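Engineer: Take a look at the following structure, please.
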Amino acid sequence: MLKGSAWMTAGSIFSRILGAIYIIPWMAWMGSSYPAANALYAKGYNIYSLFIIISTAGIPGAISKQISHYNALDEYSTGNKLFKQGLKIMVFMGLFFGAVMYFGASFMATLFADGDPRSIPVIQSLAIAVLIIPILSILRGYMQGYSDMAPSAISQFIEQIARVIYMLAATYFIMKIQGGGYISAVVQSTFAAFIGAGVAIAILLIAFAKKLPKLRALSRNGKAPEKLNKNFTKEIFEQAIPFIILGSGITLFNLFDQSTFNQIMRMFVKATNAQLDNYYSLFGFQANKLIMIIVSLATAMSATAIPILSGLFSKGVKKDIEDQISNTLELFFFIMIPAALGMYAVAQPLWTTFYRYDALGIWMLEFSAIISILLGMFTVLSTVLQALYCNRLAIQYFVVGFIVKIAVQIPMIGLFHEFGPLVATSIGMGAVCFLMMRKLHSLYPFDTSRISRRISGIIVFSLVMFIAIFFINSVAFKFIGNSDRIVSVVILAIEAVVGSSIYGYLVLKTNLADKILGSRVERIRRLVRMK
């Protein structure tokens, strides 16, 4: 669990950070067109995210889950046949949904982008990436089914590097050399998703070729499958549909905000479309882009947990499943709580570094950082339920939470205006997480008292870290001022070092890290000469 999570977390974090850093030069080259370009980019990418989830049809997660299931039964050849059938399906899905997105771009703009005609070429450029993303996804799912997370993590990072290089080069050429319009620059920036995906596929194919002799040996030496006439297509989609619905959970919440925010806000405030687009961009794209860096921690743990829990379920060892659920939850809180509180604490220098000083944007980021704990918990809990074949229950709980979100959206926007969608999301996700956690414990009564004790320690140490960072902020910005980006970068770096050092020292000194991460933590303690 730790090894896999480390690889997936590293790949996800580095790619997310890189995906946030590009904003700095991209914003500078867009100049005064940046707010409009940013809102346009956000609208296109939210639609793209939904299509990626639909076009991959949850099959990568299903493949990972089922490959691990067959491997646990020593039926490696059956797993390989399942993968080959899944690959054929993915090629078809990419072609079909890429075409739907490209030729239906005008309809998508009407449905999800308030009829903005500028979003049509952006949607079409992203449709090209949809052609090959399903192939990339299933290759990652196959590797993860063998609990080999390194190829997925490396390909994810390289994908982001290739994407950022292309989009920055294209933006500079269009805006600074050609003197072109921001719409063309956004179109090329979104087309970069295709470039990144193509490079990532090449990386995975190289890793697959290196692993092929071992895979063939496992297949030859494994147990012959008992059922030779299995309907793999049916099996794949039975397991994939829950991954579609639950994997699109956060995206569906975001799309609901995108589709309704302007209309509902007009019921309570007088504002121009440009002002409403700016409000939406603050929480729906800019703050969301930063908090997804830490939510990706939960995504990484989820990807690691799927094959482990699926394998244990196939072997029918209930006690081991309970222990693994406890370990997964403890690891989640051990990382997520300090990450969320840390982002809240450094919100001002972080926002100023990426987007320049904006008091409203900073408040949005602070609020979003706390909500990220619920988003991450939903990701982990829904994945755990799916890995344990509780698919229908997980979907039912998500639907309940989404209905709650819809029901409270208007009153929350009426009360909190631009913060309303975030409040509604926290209420909806809170309901989902409560239902999932309660059901999971009833099925597999993991040790809640042990988890509670350790979470208490995590919260206390995270608050100590938070107070220290808050003090640095108060002193630094009182004398230096708010808006200097270079100063913000320096303060951000200092606070990151101080915060991680405080939290790291406390969890090592009290042995909390040993209890959650295991005996290997002793090496770290010896390295820093701590008794």
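The values are calculated or read from the model by the stated rules, or taken from the named source; none is laboratory data. Not measured: the values here are computed from a predicted model. Cβ atoms come from the backbone with ideal geometry, glycine included; neighbour counts cover every protein chain shown. Side chains are part of the model used for accessible areas, which takes the heavy atoms of the whole protein and leaves out ligands, DNA and RNA. Shrake-Rupley method; radii C 1.70, N 1.55, O 1.52, S 1.80 Å.
Engineer: Kindly evaluate Ile469 against the criterion of being modelled with pLDDT of 90 or more, open to solvent by less than 50 Å² (accessible area, probe 1.4 Å) and under 21 Å from Phe354 (Cα atoms).
Structural biologist: Judged against the criteria, Ile469 is a match.
Engineer: Looking at this structure, is Ile161 open to solvent by 20 Å² or more (accessible area, probe 1.4 Å), farther than 29 Å from Leu215 by Cα, aliphatic (A, V, I, L, M) and touching a residue at least 24 places away in the same chain (Cβ under 8 Å)? Walk me through how you get there before you give the answer.
Structural biologist: Numbers: open to solvent by 20 Å² or more (accessible area, probe 1.4 Å): yes; farther than 29 Å from Leu215 by Cα: yes; aliphatic (A, V, I, L, M): yes; touching a residue at least 24 places away in the same chain (Cβ under 8 Å): yes.
So Ile161 passes the test.
Engineer: May I ask you to say which residue of Leu139, Leu168, Leu126 is modelled with pLDDT of 90 or more and within 22 Å of the chain's Cα centre (by Cα)?
Structural biologist: Numbers: Leu139 fails: modelled with pLDDT of 90 or more; Leu168 fails: within 22 Å of the chain's Cα centre (by Cα).
Step by step, each of Leu139, Leu168, Leu126 is checked, and only Leu126 is modelled with pLDDT of 90 or more and within 22 Å of the chain's Cα centre (by Cα).
Engineer: Quick one: which of Tyr397, Tyr344 is hydroxyl-bearing (Ser, Thr, Tyr), closer than 30 Å to Ile486 by Cα and in a helix (DSSP H, G or I)?
Structural biologist: Values: Tyr397 fails: closer than 30 Å to Ile486 by Cα.
Only one candidate qualifies: Tyr344.
Engineer: Hey, among Ile427, Ile403, Ile451, Ile410, which residue is open to solvent by 40 Å² or more (accessible area, probe 1.4 Å), part of a helix (DSSP H, G or I) and touching a residue at least 40 places away in the same chain (Cβ under 8 Å)? Break it down stepwise before answering.
Structural biologist: Values: Ile427 fails: touching a residue at least 40 places away in the same chain (Cβ under 8 Å); Ile403 fails: touching a residue at least 40 places away in the same chain (Cβ under 8 Å); Ile451 fails: open to solvent by 40 Å² or more (accessible area, probe 1.4 Å).
Of the residues listed, the single one that is open to solvent by 40 Å² or more (accessible area, probe 1.4 Å), part of a helix (DSSP H, G or I) and touching a residue at least 40 places away in the same chain (Cβ under 8 Å) is Ile410.
Engineer: Restrict the check to the range 482-489 and report whether at least one residue is open to solvent by less than 20 Å² (accessible area, probe 1.4 Å), among the aliphatic types (A, V, I, L, M) and touching a residue at least 12 places away in the same chain (Cβ under 8 Å).
Structural biologist: The answer is no, given that none of the residues of the range 482-489 is open to solvent by less than 20 Å² (accessible area, probe 1.4 Å), among the aliphatic types (A, V, I, L, M) and touching a residue at least 12 places away in the same chain (Cβ under 8 Å).
Matching residues to (1) at pLDDT below 75; (2) open to solvent by less than 10 Å² (accessible area, probe 1.4 Å); (3) part of a helix (DSSP H, G or I); (4) in contact with a Cys (Cβ under 9 Å, 6 or more places away or on another chain):
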site	(1), (2), (3), (4)
Arg220	yes, no, yes, no
Ile236	yes, yes, yes, no
Phe253	no, yes, yes, no
Ala303	yes, no, yes, no
Ile308	yes, no, yes, no
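Engineer: Here's something else I'd like to know. In the range 506-531, how many are surrounded by fewer than 17 Cβ atoms within 10 Å (Cβ to Cβ) and modelled with pLDDT of 90 or more?
Structural biologist: So the count comes out to 0.
Engineer: Can you confirm whether Ser64 is open to solvent by 10 Å² or more (accessible area, probe 1.4 Å), small (Gly, Ala, Ser) and part of a helix (DSSP H, G or I)? If you could, list the steps in order and put the result at the bottom.
Structural biologist: Numbers: open to solvent by 10 Å² or more (accessible area, probe 1.4 Å): no; small (Gly, Ala, Ser): yes; part of a helix (DSSP H, G or I): yes.
It is false that Ser64 is open to solvent by 10 Å² or more (accessible area, probe 1.4 Å), small (Gly, Ala, Ser) and part of a helix (DSSP H, G or I).
Engineer: Would you confirm whether or not the range 258-271 contains a residue that is of a type outside the set (Lys, Arg), open to solvent by less than 10 Å² (accessible area, probe 1.4 Å) and within 20 Å of Leu50 (Cα to Cα)?
Structural biologist: Filtering the range 258-271 down to residues of a type outside the set (Lys, Arg) leaves 258-265, 267-269, 271.
The next check asks that each one be open to solvent by less than 10 Å² (accessible area, probe 1.4 Å); those that pass are 261, 265.
Now narrow it down to the ones that are within 20 Å of Leu50 (Cα to Cα): 261.
Checked the range 258-271: at least one residue is of a type outside the set (Lys, Arg), open to solvent by less than 10 Å² (accessible area, probe 1.4 Å) and within 20 Å of Leu50 (Cα to Cα).
Engineer: If I filter the range 375-388 for residues that are of a type in the set (A, V, I, L, M), in a helix (DSSP H, G or I) and surrounded by fewer than 17 Cβ atoms within 10 Å (Cβ to Cβ), do I get at least one hit? Walk me through it before giving the result.
Structural biologist: So the first thing to find is which residues in the range 375-388 are of a type in the set (A, V, I, L, M), and the list is 375, 377, 380-381, 384-385, 387-388.
Right, trim to in a helix (DSSP H, G or I) and you get 375, 377, 380-381, 384-385, 387.
Next, only the ones that are surrounded by fewer than 17 Cβ atoms within 10 Å (Cβ to Cβ) stay: none.
No, every residue in the range 375-388 fails to be of a type in the set (A, V, I, L, M), in a helix (DSSP H, G or I) and surrounded by fewer than 17 Cβ atoms within 10 Å (Cβ to Cβ).
Engineer: Follow-up question, since we're still on this one. Do you know which residues across the range 349-360 are surrounded by fewer than 24 Cβ atoms within 10 Å (Cβ to Cβ) and within 22 Å of Pro421 (Cβ to Cβ)?
Structural biologist: Phe354, Asp358, Ala359, Leu360
Engineer: Is it the case, given these coordinates, that Ile370 is part of a helix (DSSP H, G or I), surrounded by fewer than 21 Cβ atoms within 10 Å (Cβ to Cβ), aliphatic (A, V, I, L, M) and modelled with pLDDT of 95 or more? So that I can check it myself, show each step before the final result.
Structural biologist: Details: part of a helix (DSSP H, G or I): yes; surrounded by fewer than 21 Cβ atoms within 10 Å (Cβ to Cβ): yes; aliphatic (A, V, I, L, M): yes; modelled with pLDDT of 95 or more: no.
When the stated conditions are applied, Ile370 does not pass them.
Engineer: While we're here: Does Thr328 count as more than 19 Å from the chain's Cα centre (by Cα) and surrounded by 23 or more Cβ atoms within 10 Å (Cβ to Cβ)?
Structural biologist: For Thr328, the condition - more than 19 Å from the chain's Cα centre (by Cα) and surrounded by 23 or more Cβ atoms within 10 Å (Cβ to Cβ) - is not met.
Engineer: Looking at (1) closer than 20 Å to Phe334 by Cβ; (2) of a type in the set (Gly, Ala, Ser); (3) surrounded by fewer than 16 Cβ atoms within 10 Å (Cβ to Cβ); (4) in contact with a helix residue (DSSP H, G or I) (Cβ under 8 Å, 6 or more places away or on another chain), can you tell me which one Ser462 breaks?
Structural biologist: Failing condition for Ser462: (3).
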